[in-house]
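All of the numbers you see were taken from the coordinates with simple rules; none came from a lab. These figures come from a predicted structure and were not determined experimentally. All Cβ positions, glycine included, derive from the backbone under ideal geometry; neighbour counts span all protein chains shown.
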Amino acid sequence: MASLKVTVNKTRCISSGDCVETAPAVFQFDADEKSDVVNPAGAPEATILAAARSCPVKAITVVNEETGEQLFPPPKK
Ligand code: SF4
């Protein structure tokens, strides 16, 4: 499995909890109730992408660390 770089834009995060619910081993709320990436390898890629997709404000970015390819949001062509 490719290693992923998962980041949350905390300025954008509205603390909906969708990502935490979808992949609790990857995303957890920090002290400010913003999503924090605790373990980018905590779930299969498909689950992490589902979590990113579930974010209502598109605050989550997922990049394939080996190829540099942005997996979510899909890069504009
Ligand atoms: S789904 Fe998006 S808005 Fe909701 S907690 Fe996660 S990063 Fe924040």
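A simple charge model with +1 on the Cβ of Lys and Arg, -1 on the Cβ of Asp and Glu and nothing else charged puts the dipole of the chain at about 380 debye relative to its Cα centre. Length gained on full extension, residue 45 to residue 25, computed as 0.36 nm times the residue gap minus the Cα-Cα distance: 5.9 nm. Computed from Cα atoms, the angle from the helix 45-54 axis to the main principal axis of the chain rounds to 50 degrees.
Put in line by how crowded their Cβ is, counting other Cβ atoms within 10 Å and starting with the fewest, 53, 12 read 12, 53.
In terms of its Cα atoms, the chain spans 33, 26, 16 Å along the principal axes, sorted from long to short.
Counting neighbouring beta carbons within 10 Å and listing from fewest to most, the residues 35, 3, 16 come out as 3, 16, 35. Per-residue ellipticity at 222 nm from helix content only, as computed over the chain with -39500 (n - 2.57) for each DSSP H run of at least four residues, stands at -5000 deg cm²/dmol.
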